[in-house]
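Structure record follows, encoded as structure tokens.
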Amino acid sequence: MTIAATPAPSPATAGERPGVRMARSRRNAELSLLLLAMALVAAYGAMVEAKVLDTITPGFWVPAAALTAVFLGVHLVIRFLAPFADPALLPAVALLNGLGVGFLRRLDLAKAAPEERADLAIFAGTGGRQLAWTLMSVILAAGLLTLMRDHRSISRYAYTLGLAGIVLVMLPAVLPASISEINGAKLWVRIGSFSIQPGEFAKLALLVFFAYYLVRKREVLSLASHRFLGIDFPRGRDLGPVLVVWAISLLVLVFEKDLGTSLLYFGMFVATVYIATERVSWLLIGLILFFGGAYLAYVLGETVGGPFANFYLRAQIWLDPFAEPYDDGYQLVQGLLALGSGGLFGAGPGGGQPLLLPEVQNDFIFAGIGEEIGLFGLSALLVIYLLIVERGLRAALAVRDSFGKLLAGGLAFTLALQVFVIVGGISKLIPLTGQTTPFLSAGGSSLMANWLLVAVLLRVSDAGRRPVGGSGGTVTRPSGPPEQLHGAPTEVIKP
């Protein structure tokens, strides 16, 4: 009886350990998904040109090629510095970012004179600036991955980041309205032609501090004083941190006149407290405080010229936007009409009239895109956002230390809350806010802050998915500070 010869292992795989093969497989999957996402961005650009220009120019692929080169660069950084990171995060974010650049370029084509559209430069207009901001944002995210080899290392600077976050939050409030106010909200710092939104970076700094603080106070916050309707409520003395953050969020609402930012800061803190303690009572307390504060702001806003006047106006527009469809309610009415005219399938890329929407490149980009890709297309975009959030929460579940769990969970929830706030405002579910749509809206501050958020999620995901023995068969020793006892898992040892 003859025995079939077994093929000898190839030199490339003969000495590979399972951890190396796992990492390579994930990075290859990431590369395939990334190329597919960029192919969709190129196809979107071709359809836009076919509709707007009645032809497809030979250079339709250039913006997508530039984006592909940028994202391949960060893919290589991940391949070497975070080989076990989630392979779906980068392609999903790259697809959203690429579609945002493509739609902004579509707006530039619509604004240009018909005879100049075919020759519009790649870095011209809002789309060109967004492409440049994408390059800088990706470089910043790659730099963070390079410097932060262990996510726990940033906990050393938790109090410094917390102080920096508070300063960044309150900075626009103390500056003159001439350099900080746009459309009634004081969220910006403008110096000449340069402008930055400090609050976008403040949320990341504050989340690091929240995660660090709650890891150390988790046991105290989990204590219950009494039970009501089957729910254990915390002790009154432990409500201090929540009340402080609630007061800060109200100050943001008063001085910066922005409901979205106030909701974002308070919501991400309450969500992080819930993740740390797993007590539903904290969510109930947070909802009561928020709705109570919003109602108080609405009542006080009836005073003409008062600090809550802007919030009162937004609430009135939300309650009945068609009362003044050509004045205060014009933006919301146009957004609703755009979503309605898009129907199920939309007018097709380049087939809508997004220039009729005020601030379509910023606050109302979701409505502008929705007119052209319809309900099904918008649902697909929301599914991509849901995928990013789900992967962030999965990273939080997989990582072994408590700080990483709270940090990744808080970052994922913050992204989800920001999408809810802007989409809810456009669809008239909640009052309009000044938030931007992550990765889609024009603007460097939002894009850079959200790419930094993704970089942190990639680092936490790499730590959570890395085999305990490492790729070389030895126990992996992170380079960060030693894990404290309260961050270690609990084991029951039987005698």
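The values are calculated or read from the model by the stated rules, or taken from the named source; none is laboratory data. Given the structure is predicted, the values throughout are model-derived calculations rather than measurements. Every residue, glycine among them, receives a Cβ derived from its backbone with ideal geometry; neighbour counts consider all protein chains shown.
Among G346, G293, which is the only one that is modelled with pLDDT under 85, within 27 Å of the chain's Cα centre (by Cα) and either crowded, with 20+ Cβ neighbours inside 10 Å or assigned to a helix (DSSP H, G or I) (or both)?
Unique residue meeting the criteria: G293.
What are the residues in region 58-67 that are over 21 Å from the mean Cα position of the chain (by Cα) and closer than 15 Å to L135 by Cβ, if any?
Correct list: V62, P63, A64, A65, A66.
Any idea which residue in region 18-60 is nearest to P87 (Cα to Cα), counting only those that are assigned to a helix (DSSP H, G or I) and either in contact with a strand residue (DSSP E or B) (Cβ under 6 Å, 6 or more places away or on another chain) or acidic (D, E) (or both)?
Only one residue fits best here, namely E30.
For region 118-132, which positions are closer than 25 Å to F439 by Cα and assigned to a helix (DSSP H, G or I)?
G125, T126, G127, G128, R129, Q130, L131, A132
Answer yes if at least one residue in region 48-59 is within 21 Å of A455 (Cβ to Cβ) and in contact with a Phe, Trp or Tyr (Cβ under 9 Å, 6 or more places away or on another chain), and no otherwise.
No, there is no match, as no residue in region 48-59 is within 21 Å of A455 (Cβ to Cβ) and in contact with a Phe, Trp or Tyr (Cβ under 9 Å, 6 or more places away or on another chain).
Let me spell it out: the conditions are (1) surrounded by 15 or more Cβ atoms within 10 Å (Cβ to Cβ); (2) of a type in the set (A, V, I, L, M, F, W, C); (3) over 30 Å from G350 (Cβ atoms); (4) at pLDDT below 95, and L145 meets all of them except one. Which number is the exception?
(4)
Pairs under 6 Å by beta carbon, first residue under 14 Å from A211 (Cβ atoms) in region 145-157, partner assigned to a loop (DSSP other than H, G, I, E, B), six or more apart or different chains?
R152/G480; S153/G480
If I ask for residues that are more than 19 Å from M47 (Cβ to Cβ), under 22 Å from the mean Cα position of the chain (by Cα) and surrounded by 22 or more Cβ atoms within 10 Å (Cβ to Cβ), which ones from region 354-365 would you list?
Matches in region 354-365: Q361, D363, F364.
Need the failing condition index for D86 against (1) in a helix (DSSP H, G or I); (2) touching a helix residue (DSSP H, G or I) at 6+ places or on another chain (Cβ under 7 Å), just the number.
With respect to (1) in a helix (DSSP H, G or I); (2) touching a helix residue (DSSP H, G or I) at 6+ places or on another chain (Cβ under 7 Å), D86 is out only on (1).
Could you list all residues from region 349-392 that are farther than 19 Å from V48 by Cα and either of a type in the set (A, V, I, L, M) or in a helix (DSSP H, G or I) (or both)?
The answer is S379, L382, V383, I384, Y385, L386, L387, I388, V389, E390, R391, G392.
Would you point out the residue of region 393-440, among those that are charged (D, E, K, R) and outside any loop (DSSP other than H, G, I, E, B), that is surrounded by the fewest Cβ atoms within 10 Å (Cβ to Cβ)?
Looking at residues that are charged (D, E, K, R) and outside any loop (DSSP other than H, G, I, E, B), I get R394.
For region 69-83, indicate whether the set of residues that are assigned to a loop (DSSP other than H, G, I, E, B), within 22 Å of the chain's Cα centre (by Cα) and at negative phi is non-empty.
Yes, region 69-83 contains a residue that is assigned to a loop (DSSP other than H, G, I, E, B), within 22 Å of the chain's Cα centre (by Cα) and at negative phi.
Would you point out which residue out of G98, G127, G162 is buried (at least 22 other Cβ atoms within 10 Å of the Cβ), at pLDDT below 95 and among the small types (G, A, S)?
G127
Can you tell me which residues in region 378-388 are surrounded by 20 or more Cβ atoms within 10 Å (Cβ to Cβ) and either out of contact with any helix residue (DSSP H, G or I) (no Cβ under 6 Å at 6 or more places or on another chain) or of a type in the set (S, T, Y) (or both)?
L381, Y385
Can you tell me which residues in region 270-290 are more than 19 Å from L207 (Cβ to Cβ) and in a helix (DSSP H, G or I)?
Within region 270-290, V280, S281, L284, I285, L287, I288, L289 qualify.
Quick check, is G392 over 14 Å from G100 (Cβ atoms) and at pLDDT below 95?
no
So which residues in region 296-343 are over 18 Å from L432 (Cα atoms), surrounded by fewer than 18 Cβ atoms within 10 Å (Cβ to Cβ), touching a residue at least 24 places away in the same chain (Cβ under 8 Å) and not hydroxyl-bearing (S, T, Y), if there are any at all?
Result: G343, single match.
All but one of (1) at pLDDT 80 or above; (2) more than 30 Å from G370 (Cβ to Cβ) hold for R314; which doesn't?
Among (1) at pLDDT 80 or above; (2) more than 30 Å from G370 (Cβ to Cβ), R314 violates only (2).
From the list S153, S137, S195, which one is surrounded by 15 or more Cβ atoms within 10 Å (Cβ to Cβ), not aliphatic (A, V, I, L, M) and not in a helix (DSSP H, G or I)?
Of the residues listed, the single one that is surrounded by 15 or more Cβ atoms within 10 Å (Cβ to Cβ), not aliphatic (A, V, I, L, M) and not in a helix (DSSP H, G or I) is S195.
Given the conditions (1) of a type outside the set (D, E, K, R); (2) assigned to a loop (DSSP other than H, G, I, E, B); (3) surrounded by fewer than 24 Cβ atoms within 10 Å (Cβ to Cβ); (4) at pLDDT 95 or above, and given that L452 satisfies all but one, which numbered condition is not satisfied?
(2)
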